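The values are calculated or read from the model by the stated rules, or taken from the named source; none is laboratory data. Values in this document were obtained by computation on a predicted structure and should not be read as measured data. No Cβ is skipped: glycine too gets one built from the backbone with ideal geometry, and neighbour counts run over all protein chains shown.
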Amino acid sequence: MTIAGREQVGAKSEPKNEPKGERTRRQIIEGALQALGTGGVAATTTRDIAAGAGVRLATLHYHFESKSALLLAVLEHLIDETTAALREETGDTADIASCIREALRAGWRYLERTLELQIVQYELTLYALRRDDAAGLAAYQYDAYVKVYQDILQGVAVRTGELDAAGCADVARFMLAGIDGLLLQELAKPNKARSSRAIETLIVATQGFASGLSNDRKTPKLGKRATRG
């Protein structure tokens, strides 16, 4: 498997007068993506990555002290791409219901374009869960993607007052859980038509969940009636 032709959604163009160190670091990360897409996370060594990036092994270790440090940088790079794609494609929405609809559709469009990258990300998660020296990697990935959806929701909620911060976080986790499950299904048994229908079902379910939270927030809680002494 190769990800050489992957779409760089949200990726920044190479800056002019980029410092050599930053250019080398970016080159290593891109080389890591190629190597991981070909050989998988567990089997890929830093030597493989250095060869793919066209740098010496000593140069790689100068910028990244360990394989785990490099994998974290790769994950941060992928998170930045995903975040940029979601924000760019979601756009402004009038209320939470339309925000949920546009964010989930935008997220799924991006995932469909980058299925091979998603396999790498799943491998990164499993790698992290099995190694003590990468224990924080899986949690970092999950928290980062929840925050993407949460920030998008809060951008609308501060205007509409439909959800508080805790409600936005709950809905964001619900969205991520749903789209993550659909992604695994699509990777295991590809069927774009089925997945498109499932995304629309997830949208309705998420809107219902958010509406329930919003109604709970607006309903005053009844306290005990005052009694005369």
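Tell me which residues, restricted to segment 102-115, are in contact (Cβ under 8 Å) with a residue 60 or more places away in the chain, crowded, with 18+ Cβ neighbours inside 10 Å and either assigned to a helix (DSSP H, G or I) or in contact with a Pro (Cβ under 8 Å, 6 or more places away or on another chain) (or both). Scanning segment 102-115 gives Ala103, Leu104, Gly107, Trp108, Tyr110, Leu111. Scanning segment 36-64 for residues that are under 16 Å from Arg25 (Cα atoms), surrounded by 14 or more Cβ atoms within 10 Å (Cβ to Cβ) and touching a residue at least 24 places away in the same chain (Cβ under 8 Å) yields Thr46, Ala53, Val55, Thr59, Leu60, His63, Phe64.
Which of the residues spanning segment 154-173 are within 23 Å of Leu75 (Cβ to Cβ) and either touching a residue at least 24 places away in the same chain (Cβ under 8 Å) or surrounded by 18 or more Cβ atoms within 10 Å (Cβ to Cβ) (or both)?
Applying the first criterion (within 23 Å of Leu75 (Cβ to Cβ)) to segment 154-173 yields 169, 172-173.
Hits for segment 154-173 are Ala172, Arg173.
Filtering segment 77-130 to residues that are at pLDDT below 90 and of a type in the set (D, E, K, R) leaves Asp80, Glu81, Arg87, Glu88, Glu89, Asp92, Glu116, Glu123, Arg130. Residue count for segment 39-61 satisfying the condition of being modelled with pLDDT under 95 and either in contact with a Lys or Arg (Cβ under 6 Å, 6 or more places away or on another chain) or in the same structural domain as Asp143 (by TED's automatic domain parsing) (or both): 1.
Look at Ala166 and say whether it is touching a helix residue (DSSP H, G or I) at 6+ places or on another chain (Cβ under 7 Å) and closer than 23 Å to Asp216 by Cα. First the steps, then the outcome.
Values: touching a helix residue (DSSP H, G or I) at 6+ places or on another chain (Cβ under 7 Å): no; closer than 23 Å to Asp216 by Cα: yes.
In short, no.
Checked against the criterion of being within 21 Å of Tyr122 (Cβ to Cβ) and of a type in the set (Gly, Ala, Ser), segment 49-64 contains one or more residues that satisfy it.
Here is a yes/no grid of residues against (1) among the hydrophobic types (A, V, I, L, M, F, W, C); (2) touching a helix residue (DSSP H, G or I) at 6+ places or on another chain (Cβ under 8 Å); (3) more than 26 Å from Asp170 (Cα to Cα):
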{"position": "Ser66", "(1), (2), (3)": "no, yes, yes"}
{"position": "His77", "(1), (2), (3)": "no, yes, no"}
{"position": "Arg87", "(1), (2), (3)": "no, yes, no"}
{"position": "Arg130", "(1), (2), (3)": "no, no, yes"}
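For segment 79-96, the condition of being β-branched (Val, Ile, Thr), surrounded by fewer than 19 Cβ atoms within 10 Å (Cβ to Cβ), outside any loop (DSSP other than H, G, I, E, B) and touching a residue at least 24 places away in the same chain (Cβ under 8 Å) holds for at least one residue.
Filtering Ala135, Ala172 for residues that are under 12 Å from Ile96 (Cα atoms) and assigned to a helix (DSSP H, G or I) leaves a single hit, Ala172. Among the residues of segment 5-28, are any under 14 Å from Gln118 (Cα atoms), among the charged types (D, E, K, R), at pLDDT below 80 and crowded, with 17+ Cβ neighbours inside 10 Å? Yes, segment 5-28 contains at least one residue that is under 14 Å from Gln118 (Cα atoms), among the charged types (D, E, K, R), at pLDDT below 80 and crowded, with 17+ Cβ neighbours inside 10 Å.
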